[in-house]
Amino acid sequence: MNESAFEQQSRRLWLKAYDTSRNYGADGMEAEDIAQEVMLRLWQMRNDLGRFRSPEALVVVVSKRLTLNLHRQKQLLPLDGSALQVAMAGSTPQQLMEEKENEEWLDHRLRQLPSRQYAILWMRQVERRSCDEIARLLGIGETSVRTLLSRARHQLREDLKERR
């Protein structure tokens, strides 16, 4: 693809990258950054784009992977209440009571998870172990760890939606 053809398609491809990133959970600023990164990568390989059937499909794949990588790099929130203690330092008695109720509710929901899901979630969030390390410790595949972790998080998310 020559430069003029790239320039003609660039706006459409940028929008495709932005939309894909948003669909995979990036906020507006993150999606813009990812779309820009995708466009930079496409520009660098503009002379080789002819070997791909669809530049749009390539944009979708790259945007999706960059967005998922962004999510993986984000700071994990601990489940042991340490972040909660810092946040509660200057709170009113009403806020302290609400936070205590929230903590008790979360602890109850965590304990209702299947034991393996709870163990994996605990090792990942509190002990900050990698999925590979958890897989070795439990003697299961890394894919299984990721699946069980995802199920545990999904269940907690659904419980939280019901609570509201």
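Counted by Cβ distance under 14 Å from GLY28, the other residues give a net charge of -4, where Lys and Arg count +1 and Asp and Glu count -1. With Cβ to Cβ distances under 14 Å as the rule, what net charge do the other residues near PRO93 carry (K, R +1; D, E -1)? With Lys, Arg at +1 and Asp, Glu at -1, the neighbours total -2. Paramagnetic label reach from ASN69 (point 7 Å along Cα→Cβ; backbone nitrogen cut-off under 14 Å): within the range 10-43, residues 33-42. Reducing the range 1-38 and the range 97-159 to their Cα centroids gives an inter-centroid distance of 34 Å.
Partners of LYS64 within straight-line reach, counting lysines whose Cα lies under 29 Å from its Cα and excluding those fewer than 8 residues away in the same chain: LYS16, LYS74, LYS161. Computed over protein heavy atoms with a 1.4 Å probe, the accessible surface of the chain works out to 68 Å² per residue.
Quantify, in whole percent, the carbon and sulfur part of the accessible surface of the chain (1.4 Å probe; protein heavy atoms only). Ligands and nucleic acids excluded, carbon and sulfur reach 48 percent. For LYS74, the solvent-accessible surface computed with a 1.4 Å probe is close to 90 Å², ligands and nucleic acids excluded.
Of THR143, THR67, the residue with the largest accessible area leads and the full order is THR143, THR67 (1.4 Å probe). Heavy-atom accessible area for TRP105, with the other protein chains in place and a 1.4 Å probe, reaches approximately 40 Å².
With K and R counted +1 and D and E -1, the other residues having a Cβ less than 13 Å from that of ARG109 yield a net charge of -2.
The angle between the Cα long axis of helix 115-125 and the main principal axis of the chain comes to about 70°, on a 0 to 90 degree scale.
The values are calculated or read from the model by the stated rules, or taken from the named source; none is laboratory data. Because the structure is a prediction, the values reported are computed rather than measured. When we count neighbours, we look across all protein chains shown, and the Cβ atoms used for this are built from the backbone with ideal geometry, even at glycine. In case anyone asks, the SASA skips ligands and DNA or RNA and just uses the protein heavy atoms, side chains included. Shrake-Rupley method; radii C 1.70, N 1.55, O 1.52, S 1.80 Å.
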